[in-house]
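Asker: Right, I'll just put the structure down here and ask away after.
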Amino acid sequence: MAKEGIHTRADNYAQWYLDIVEQADLAEPSGVVRGAMVIKPTGYAVWEAIQRGLDQRIKATGHVNAYFPLFIPQSFLQKEAEHVEGFAPEVAVVTHAGGKELEEPYVVRPTSEAIIGHTYARWIQSWRDLPILINQWANVVRWELRPRPFLRTTEFLWQEGHTAHATEAEAETETLRILHEVYADFVENVMAIPLYRGLKSRRETFAGALRTYAIEAMMQDGRALQAGTSHNLGQNFARAFEITYQTPSNEREYVWTTSWGASTRLIGGLIMVHSDDDGLVLPPRLAPIQVVVVPIFKNDSERATVMAAIERITAPWQGKLAFKIDDRDHLSPGFKFNEWELKGVPVRVEVGPKDVQKDSVAIARRDVPGREGKSFVPQAGLTERLVALLDEIQQSLFDRALAYRNQRTVDVRTYEELAAAVEQGFARAYWDGNDADEARIQEELKATIRVIPFDQPETAGTCVLTGRETTKQVLFARSY
RNA sequence: CGGGGUGUGGCGCAGUUGGUAGCGCGCGGCGUUUGGGACGCUGAGGUCGUAGGUUCAAAUCCUAUCACCCCGACCA
């Protein structure tokens with residue numbers, strides 16, 4: 001049963017998504033800038049939680065933060081052939097400033113390989129300067145033709161890591177390390193989103209990269225969302241920007257670079273993996289508010305005793321739980337229940353006159369809607385109970401999403417099976433096709449190779465399209 | 001770029017054969033309420049996207065223009 005103002009997922013999935021974004025107060029379309037959104041405090045708090053988790057892992061793996069300019073001379077972007085070609089259609093260009101036309105236009109960064117490559121060329125002289133391990137938190141602009149809040153916006157927030165290494169092996173290790181230890185670790189353990197990890201096909205590789213690795217998640221409509229990418233750029237950008245170093249034996253060599261990014265799109269994935277027809281569902285480890293307390297009273301004297309009880313009950317929560325006491329007194333409890341469910345708070349605690357009398361409270365878990373998720377428990381031991389409950393919810397959200405994903409990931413042997421499979425989820429298939437074959441699948445089935453998983457089969461099979469024998473398996477899906 | 005749609009109080013909409021703007025929600029005040037989206041009274045709030053034209057008179061008719069939204073091709 002859906003709430004007021006929310007379409008059901010079954011009825012209209014795309015509209016349901018937009019309703020959640022709006023009703024949970026995460027963001028709203030700017031209304032004046034095409035494809036751009038205002039991220040509201042509730043939504044931004046989620047982003048801050050994502051930033052914290054990623055930033056912590058980025059630093060734990062030896063990186064430091066820095067900041068590079070928003071504007072990039074147009075010519076910089078053009079130095080790497082594939083890179084220009086890949087981004088040209090979607091860059092915004094500044095042609096006028098200071099009241100006159102610029103000598104050379106600036107592009108608003110769609111990503112920062114160019115300006116950072118230019119900078120690294122000056123910073124790197126010797127093998128002793130390597131590796132350079134830098135990350136930046138920034139906004140970027142890509143003029144998307146079909147925007148959707150969080151999933152694809154004209155301007156979005158992200159982090160982009162840019163590293164330079166002496167050897168190809170080091171760059172490759174870095175690329176994979178970020179994928180596993182930063183992105184996958186955070187997304188699975190904090191966001192409770194199960195992932196497929198692997199290599200991108202050539203067609204899906206980042207413009208200018210040697211290899212792109214990605215984590216892919218399945219949404220509740222069976223479509224795929226790329227949740228993070230890590231690129232081994234080889235020496236392509238080093239050549240384009242003349243980033244060289246002297247080896248110990250005094251040779252001049254090009255460096256090997258990597259780049260990797262995760263964006264506010266993660267919030268879109270979060271919504272589409274966990275949320276339901278009642279609103280947003282936040283995993284406890286990510287939730288800005290983990291427990292909300294709703295007081296219930298009929299008059300001022302009841303109000304006083306209930307608030308005093310809440311004061312006492314929540315005192316030991318300090319430092320253990322992120323909680324909020326909803327003491328707004330012009331709203332009915334029922335309204336508050338609905339509102340906090342809409343906003344995805346994992347646990348609600350209700351305290352009323354009866355609870356004060358019986359030394360109890362009512363607790364409701366967001367991941368189990370309705371009466372089933374509500375129970376009355378003693379006040380004694382409540383803190384420990386809540387801490388344990390949050391862990392349980394975290395685990396249960398992940399398990400549920402994993403079961404859903406596995407159930408909708410099917411092995412296919414024929415083209416017909418592939419066509420049917422991508423209607424409802426992911427298709428795992430043996431694949432020996434080329435770029436043109438892949439393009440044909442996209443044309444006909446609207447599905448692409450999301451990832452060539454690291455986990456590959458022991459035995460050979462026949463390619464779903466060409467019928468040739470191969471040991472390579474890929475995952476096909478329609479994607480956001 | 002193609003196809004479709006919409007611009008009227010904060011939001012959602014109505015506005016008839018042209019006659020000078022109305023409803024719901026929300027918002028402010030007061031009172032009663034409060035264990036699953038409360039109610040009454042009262043009040044504030046709009047140069048009808050913009051520019052031009054027709055007319056005694058335009059939200060309404062005409063022309064131009066701008067913007068946003070939805071559907072497809074490109075994408076973190």
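Asker: Please tell me if residue A:67 is buried (at least 17 other Cβ atoms within 10 Å of the Cβ) and modelled with pLDDT of 90 or more.
Answerer: The answer is no for residue A:67.
Asker: Would you kindly identify the helices (runs of 4 or more DSSP H) lying entirely within segment A:361-480 that contain at least 1 residues that are in the same structural domain as residue A:345 (by TED's automatic domain parsing) and over 20 Å from residue A:341 (Cα atoms)?
Answerer: A:382-407
Asker: Oh, and also: Inspect all residues belonging to segment A:185-198 and state whether any of them is touching a helix residue (DSSP H, G or I) at 6+ places or on another chain (Cβ under 7 Å), open to solvent by less than 10 Å² (accessible area, probe 1.4 Å) and within 19 Å of residue A:113 (Cβ to Cβ).
Answerer: Among the residues of segment A:185-198, not one is touching a helix residue (DSSP H, G or I) at 6+ places or on another chain (Cβ under 7 Å), open to solvent by less than 10 Å² (accessible area, probe 1.4 Å) and within 19 Å of residue A:113 (Cβ to Cβ), which makes the answer no.
Asker: Moving on. Please state which of the following conditions residue A:436 fails to meet, knowing it meets all the rest: (1) surrounded by 15 or more Cβ atoms within 10 Å (Cβ to Cβ); (2) within 16 Å of RNA strand B (Cβ to nearest atom); (3) aliphatic (A, V, I, L, M).
Answerer: (1)
Asker: Let me ask something else. Of A:309, A:304, A:362, which residue is of a type in the set (A, V, I, L, M, F, W, C) and more than 11 Å from RNA strand B (Cβ to nearest atom)?
Answerer: Just one listed residue meets the conditions, A:304.
Asker: Then there's this: Free of Cβ contacts under 8 Å to residues at least 24 places away in the same chain and open to solvent by less than 20 Å² (accessible area, probe 1.4 Å), is that true of residue A:401?
Answerer: no
Asker: Can you say whether residue A:232 is surrounded by 19 or more Cβ atoms within 10 Å (Cβ to Cβ), of a type outside the set (Phe, Trp, Tyr), touching a residue at least 24 places away in the same chain (Cβ under 8 Å) and more than 10 Å from RNA strand B (Cβ to nearest atom), as far as the supplied structure shows?
Answerer: Against the criterion (surrounded by 19 or more Cβ atoms within 10 Å (Cβ to Cβ), of a type outside the set (Phe, Trp, Tyr), touching a residue at least 24 places away in the same chain (Cβ under 8 Å) and more than 10 Å from RNA strand B (Cβ to nearest atom)), residue A:232 qualifies.
This table checks each residue for (1) modelled with pLDDT under 95; (2) of a type in the set (D, E, K, R).
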{"site": "A:108", "(1), (2)": "yes, no"}
{"site": "A:120", "(1), (2)": "no, no"}
{"site": "A:129", "(1), (2)": "no, yes"}
{"site": "A:132", "(1), (2)": "no, no"}
{"site": "A:138", "(1), (2)": "no, no"}
{"site": "A:141", "(1), (2)": "yes, no"}
{"site": "A:145", "(1), (2)": "yes, no"}
{"site": "A:154", "(1), (2)": "yes, no"}
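Asker: How many of the residues making up segment A:111-143 are surrounded by fewer than 17 Cβ atoms within 10 Å (Cβ to Cβ) and of a type in the set (D, E, K, R)?
Answerer: Number of matching residues: 3.
Rundown of residues vs (1) touching a Leu at 6+ places or on another chain (Cβ under 7 Å); (2) without any contact (Cβ under 8 Å) to a residue 12 or more places away in the chain; (3) assigned by TED's automatic domain parsing to the domain that holds residue A:365, yes/no style:
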position: A:280; (1), (2), (3): yes, no, no
position: A:285; (1), (2), (3): no, no, no
position: A:297; (1), (2), (3): no, no, yes
position: A:300; (1), (2), (3): no, yes, yes
position: A:306; (1), (2), (3): no, no, yes
position: A:313; (1), (2), (3): yes, no, yes
position: A:317; (1), (2), (3): no, no, yes
position: A:322; (1), (2), (3): no, no, yes
position: A:325; (1), (2), (3): no, no, yes
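Asker: Another one. Tell me, which residue of segment A:273-301 that is in contact with a strand residue (DSSP E or B) (Cβ under 7 Å, 6 or more places away or on another chain) and open to solvent by less than 10 Å² (accessible area, probe 1.4 Å) is farthest from RNA strand B (Cβ to nearest atom)?
Answerer: Once the filter is applied, the top-ranked residue is A:291.
Asker: Could you pull out the residue among A:44, A:17 that is part of a helix (DSSP H, G or I), open to solvent by 50 Å² or more (accessible area, probe 1.4 Å) and within 17 Å of residue A:281 (Cα to Cα)?
Answerer: Among A:44, A:17, only A:44 is part of a helix (DSSP H, G or I), open to solvent by 50 Å² or more (accessible area, probe 1.4 Å) and within 17 Å of residue A:281 (Cα to Cα).
Asker: All but one of (1) near RNA strand B (Cβ under 8 Å from one of its atoms); (2) assigned to a loop (DSSP other than H, G, I, E, B); (3) within 27 Å of residue A:46 (Cβ to Cβ) hold for residue A:334, so report the exception by its number.
Answerer: (2)
The rows are residues; the columns are (1) over 26 Å from the mean Cα position of the chain (by Cα); (2) in a strand (DSSP E or B); (3) not assigned by TED's automatic domain parsing to the domain that holds residue A:229.
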position	(1), (2), (3)
A:54	no, no, no
A:57	no, no, no
A:69	no, no, no
A:75	yes, no, no
A:86	no, no, no
A:89	no, no, no
A:93	yes, yes, no
A:104	yes, yes, no
A:110	no, no, no
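Asker: Starting from segment A:95-119, take each residue that is under 13 Å from residue A:72 (Cβ atoms) and list its partners that are charged (D, E, K, R) and away from RNA strand B (no atom under 16 Å from the Cβ), counting only C-beta distances under 8 angstrom and pairs at least six apart or across chains.
Answerer: Every condition considered, the pairs that remain are A:114/A:79; A:117/A:79.
Asker: Still on this model: Could you tell me which residue of segment A:199-226 is farthest from the chain's Cα centre (by Cα), considering only residues that are under 22 Å from residue A:150 (Cβ atoms) and open to solvent by 50 Å² or more (accessible area, probe 1.4 Å)?
Answerer: Among them, the one singled out is A:204.
Asker: Then there is this: Identify, please: which residue in segment A:1-26 is over 17 Å from residue A:146 (Cα atoms) and in contact with a Lys or Arg (Cβ under 8 Å, 6 or more places away or on another chain) and is, among those, farthest from RNA strand B (Cβ to nearest atom)?
Answerer: The qualifying residue farthest from RNA strand B (Cβ to nearest atom) is A:26.
Asker: I'd like the full set of residues that are in contact with a helix residue (DSSP H, G or I) (Cβ under 6 Å, 6 or more places away or on another chain) and buried (at least 18 other Cβ atoms within 10 Å of the Cβ), limited to segment A:85-110.
Answerer: Result: A:107, A:110.
The values are calculated or read from the model by the stated rules, or taken from the named source; none is laboratory data. Predicted model, so just to flag it, every value in this text is computed and none were measured. In this analysis, Cβ positions are derived from the backbone assuming ideal geometry, glycine residues included, and neighbour counts consider all displayed protein chains. Protein only, heavy atoms only, side chains kept; ligands, DNA and RNA dropped before computing areas. Shrake-Rupley method; radii C 1.70, N 1.55, O 1.52, S 1.80 Å.
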